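Report on the structure given below.
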Amino acid sequence: MRAFRNVYFTTGFMIAAGLLLASFLYSYWLKDIIPQPPERSYNEAGRLVDVPPYPPSWVHPFGVDRQGEDVFWKVIDGAKYTIFTALAVSLLRLAFGTVGGIMYAFYLQKFRFIAESIVRAFRFVPAIFLTMLFFAFIPLGEQGVGMEVLIK
């Protein structure tokens, strides 16, 4: 394939494929093999030293969250969902864009001025909608909750 001759494409493809492979390997095989972080850390005298969340270390590169789970392996486990969602969204955008482009070019000649104004208006709408949906369901503590942050 000609695309694999491009260094940037090959590098990105290998990273995405490696993350996907690592995610499936972790979900179906490595999850049972990799030891879980300790619930509590004790020193040599048997006194309690630390409880989760633990900061990043050589053993846990991204640290340990409040539930005592290694954040690195949670990110690897979730990579498959992110990659498949990105691929699905890309394919849907490609399909809708192709159908919309064909309709716009061949069938909407008389209504081109209306279509151009709609397209111009919707250039920025998806990012705004996604931002509003993102903030609508995230509690932000002292700053307020969800949409209140955007409105203020």
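The values are calculated or read from the model by the stated rules, or taken from the named source; none is laboratory data. Quick caveat: nothing in here was measured; it's all calculated off a predicted structure. Ideal geometry is used to build each Cβ from the backbone, glycine not excepted, and the neighbour counts take in all protein chains shown. We work out accessible area using only protein heavy atoms, side chains counted, and drop any ligands, DNA or RNA first. Shrake-Rupley method; radii C 1.70, N 1.55, O 1.52, S 1.80 Å.
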Open item on the list: Can you tell me which residue is nearest to Asp32 (Cα to Cα) among those in the range 61-116 that are of a type in the set (Val, Ile, Thr) and open to solvent by 60 Å² or more (accessible area, probe 1.4 Å)?
Closed with: Val75
Open item on the list: Among the residues of the range 16-71, what is the count of those that are β-branched (Val, Ile, Thr) and touching a strand residue (DSSP E or B) at 6+ places or on another chain (Cβ under 6 Å)?
Closed with: 2
Open item on the list: Suppose we filter the range 38-59 for residues that are under 25 Å from Gly78 (Cβ atoms), of a type in the set (Ser, Thr, Tyr) and in contact (Cβ under 8 Å) with a residue 12 or more places away in the chain; how many remain?
Closed with: 1
Open item on the list: Return the residues of the range 83-98 that are within 12 Å of the chain's Cα centre (by Cα) and of a type in the set (D, E, K, R); say none if nothing qualifies.
Closed with: none
Task: Qualifying residues in the range 11-37 (those that are of a type in the set (S, T, N, Q) and open to solvent by less than 40 Å² (accessible area, probe 1.4 Å)) - the one farthest from Val75 (Cα to Cα) - done: Ser27
